[in-house]
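Notes to accompany the following structure.
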Ligand SMILES: [Zn+2]
């Protein structure tokens, strides 16, 4: 493995993990007692007698990689190093790298946002004939996104209405293109609807959300190269999470603070 400046020493990583998972004071992950003591690299609870290690009660309990290699692959994922480059950098196989990237993505928290004020809503299609339709809304001028994936390639008005009812606050100004699925949508949910007619070259009202679809396609091509059909919903989730919360992707510590902590952040 390469020695890189952004990868801390093993001792430092252990210290980070301890702070991230347990906070200031060690506690028993089973009974929450603080009456625990360390024996070599493991811990034991005096109250309930269980033995535990730093990772034994987290989703990393089965991790077999040396800590520095783990930190390197997580660093690659957080800063969007392409899969191919990550393989070359970590000396791990492609299935292993993809599996770890899947793991990191799976453990992102659920991020359901209600959009308000002025929202652009648009749909895009992925994966060819038997592909998916993606409905995505963006609160303009902000990093707030909401999305819904439909397994059939052509969304209907009820899908657009359901999207608004779930993710858009009543009273919002809604910008869409002239697609039939949005026609008279304000009869189904209280929004002030404004329409772009694409044929007349009026792209202004939906420019931000159309930009997002472009950024998504670039992100997938650059980082993952290709994606299998079953991963599509998760990848859209990862993309939106990265866009809405860039601070979590600055380095592995920021991500792990949200994804690995045993106690809620104060
Ligand atoms: Zn205990």
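Bear in mind that the values in this text are calculations on the coordinates, not laboratory data. Here the structure is a predicted model, which is why all the values come from computation and not from measurement. Here the Cβ positions follow ideal geometry from the backbone for every residue, glycine too, while neighbour counts run over all protein chains shown.
Side notes on the structure shown:
- Gyration tensor over alpha-carbon atoms, the range 88-146, equivalent ellipsoid semi-axes in Å: 31, 18, 10
- Share of alpha-carbon pairs per 10 Å distance bin for the range 118-238, given as whole %: 13, 46, 33, 8, 0
- Debye log10 I(q)/I(0) at q = 0.14, 0.19 Å⁻¹ for the range 205-266, Cα point scatterers: -0.53, -0.85
- Gained length - residue 161 relative to residue 106, 0.36 nm times residue gap less alpha-carbon distance: 17.0 nm
- Scattering curve values for the range 3-137, log₁₀ I(q)/I(0), Debye with Cα scatterers, q = 0.11, 0.12, 0.14 Å⁻¹: -0.63, -0.71, -0.86
- Counting other Cβ atoms within 10 Å as a rough exposure proxy, the listed residues 89, 31 run 31, 89 from fewest neighbours to most.
- Across the range 64-165, Cα-Cα pairs more than 15 Å apart make up 70 percent of the total.
- For the chain, the fraction of alpha-carbon pairs in successive 5 Å shells from zero, as %: 1, 5, 11, 14, 14, 12, 11, 9, 8, 6, 5, 2, 1, 0, 0
- Contact order, relative form, for the chain: 19 percent (alpha carbon pairs under 8 Å, 6 or more residues apart, mean separation divided by residue count).
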